[in-house]
Amino acid sequence: MQTYVNLLPTRTAVTALLLRRVRQWSFVALSALFLVVVGSILEWKRIESIQAKLKRLENQVAPLPILQREVDHMQQQLDQCNARATLAAQLVDDRSMLSLIGLVSRAANESAGKVCVRQLSVETVSAPGRRDPGAAGNVSLRKLQLEGLGEDNLSVARFVAALRESRVFYEVQLKASEWTRQDERKFRNYELECIF
């Protein structure tokens, strides 16, 4: 068994012990500081890359409000175009009604003025069997219904024949024809249906 005798004075021994402890703790502190600095640098680089990515995303998103305004403007223009198209379709319908009335008047004139039209109505019908060469599916057709008086069978027949010869209508059908009395005279009351 060995015994050590400390020949150093107490003050020197305490100072040596303090220096040793300072060296040990300064190593721990410097290691911790190094780790904090390295961690801070890595975190700073990560934040920098996130900021760059955020800037790229902001640049991508920046045009969205502009595009939204453009979409709204184009939607307004589209609504105006649709309104104009609707108006144009109404004008075409009005014009076709006028030409239809002219066609009926010309056909009535073919019967030497012996036929009059009392009532004229137009309605849309769908024709599942008919196909328009330029369109797919069913075609929307219109039905012209005419009611009036004719002087005799021949005048009504001439009126129907004139409507058929106009080649505007797919079908011209005489739905009803019967004698009626008005002002002590006999007339032929007729009902016609024309599909166009």
Out of Thr15, Thr124, Thr180, a Gaussian network model of the chain with alpha-carbon springs under 10 Å gives the largest mean-square fluctuation to Thr15
Here the chain gives, from Cα atoms, an Rg and Dmax in Å of 50.2, 162
Taking Cα atoms, the helix 63-110 axis meets the longest principal axis of the chain at an angle in degrees (rounded to 10) of 10 degrees
Once both label points are put 7 Å beyond Cα along the C-beta direction, the Leu42-Ser121 separation in nm becomes 8.7 nm
The chain, Gaussian network, Cα under 10 Å: of Phe27, Phe169, Phe159, the residue fluctuating most is Phe27
Cα pairs beyond 18 Å in the stretch 146-196, in percent, come to 30 percent
Placing each pseudo-label 7 Å from Cα in the direction of the beta carbon, Gln76 and Ala62 end up separated by a distance in nanometres of 2.5 nm
Restricting to aspartates and glutamates and to Cα separations under 17 Å from Lys186, and discarding same-chain partners fewer than 8 apart, the set is Glu147, Glu151, Asp152, Glu178
If one compares the long axis through the Cα atoms of helix 10-61 with the longest principal axis of the Cα atoms of the chain, the angle in degrees, nearest 10, works out at 10 degrees
In deg cm²/dmol, rounded to the nearest 500, the helical mean residue ellipticity at 222 nm of the chain, built from -39500 (n - 2.57) for every DSSP H run of length 4 or more, is -21000 deg cm²/dmol
As straight-line cross-link partners of Lys53, the qualifying aspartates and glutamates (C-alpha separation under 19 Å, not fewer than 8 residues apart within one chain) are Glu43
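None of the figures in this text is laboratory data; all of them are computed from the coordinates on show. Predicted, not measured: the structure shown is a model, and the values here were computed from it. We place every Cβ from the backbone using ideal geometry, glycine too, and count neighbours over all the protein chains shown.
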